Amino acid sequence: MSRTYDESTPRLSLLTAYRDREEHLSVLLAWLHRLRDTERFTDFELVLVEGHVQPTAEAAAQTYEWVQYLHVPMSGVFHKAVLLNRAAAAARGQYRILLDVDLLPARGVLAKHLMLAAESPRCLV
């Protein structure tokens, strides 16, 4: 199945499963915002899926137009695979990267990953 993309659709989706890491999330959001400003690389979105009884990250996520936020009510065990599958289903990008909330992509890495993926669509990078 082929998708059509326009200028408003990001080609790269960063998929993040989240629960109970407010400080990590605020640092990640600020870092990605800074990368968008300093590198002028805006061809990505963050798909943040929170697995928690009550949503706690929605307000922080709604600060940025490039963040998609989903809440999956769950308690007990953190089902990261379930959350990442939900993120993948919601992703608008042609290419996807799993991104933990406590990892910050280095400068230039997102653009490089997108370039490599576009040049080698059949190769997992």
Could you count how many residues in the range 30-53 are out of contact with any helix residue (DSSP H, G or I) (no Cβ under 9 Å at 6 or more places or on another chain) and either farther than 18 Å from Ala111 by Cα or not in a strand (DSSP E or B) (or both)? 10
Expected output for the range 29-54 (first residue closer than 14 Å to Thr16 by Cα, partner open to solvent by less than 10 Å² (accessible area, probe 1.4 Å) and small (Gly, Ala, Ser), Cβ below 6 Å, 6+ apart or cross-chain) is Glu45/Ser13; Val47/Ser13; Val47/Ala87; Val47/Ala91; Leu48/Ala61; Val49/Ala87; Glu50/Ala57
Looking for whichever is on the phi < 0 side of the Ramachandran plot and touching an Asp or Glu at 6+ places or on another chain (Cβ under 6 Å) here; the options are Ala81, Ala57, Ala87, Ala61. Which one fits? Ala57
In this structure, does Ala117 turn out to be buried (at least 16 other Cβ atoms within 10 Å of the Cβ), under 15 Å from the mean Cα position of the chain (by Cα) and either modelled with pLDDT of 90 or more or not aromatic (Phe, Trp, Tyr) (or both)? no
Can you tell me which residue in the range 54-74 is most open to solvent (accessible area, probe 1.4 Å), limited to those that are farther than 18 Å from His24 by Cα and not in a loop (DSSP other than H, G, I, E, B)? Pro73
Among the residues of the range 91-112, which ones are open to solvent by less than 70 Å² (accessible area, probe 1.4 Å) and outside any loop (DSSP other than H, G, I, E, B)? Tyr95, Ile97, Val109, Leu110, Ala111
Out of (1) among the small types (Gly, Ala, Ser); (2) surrounded by 13 or more Cβ atoms within 10 Å (Cβ to Cβ); (3) assigned to a loop (DSSP other than H, G, I, E, B), the odd one out for Ala88 is which? (3)
Looking at Val27, Val77 in this structure, which one is surrounded by fewer than 18 Cβ atoms within 10 Å (Cβ to Cβ), out of contact with any helix residue (DSSP H, G or I) (no Cβ under 9 Å at 6 or more places or on another chain), assigned to a loop (DSSP other than H, G, I, E, B) and among the β-branched types (Val, Ile, Thr)? Val77
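The values are calculated or read from the model by the stated rules, or taken from the named source; none is laboratory data. Because the structure is predicted, anything quoted here is derived from the model rather than measured. For neighbour counting, all protein chains shown are included, and Cβ atoms are generated from backbone atoms with ideal geometry for every residue, glycine included. These area figures cover heavy atoms from the full protein model, side chains too; ligands, DNA and RNA do not enter into them. Shrake-Rupley method; radii C 1.70, N 1.55, O 1.52, S 1.80 Å.
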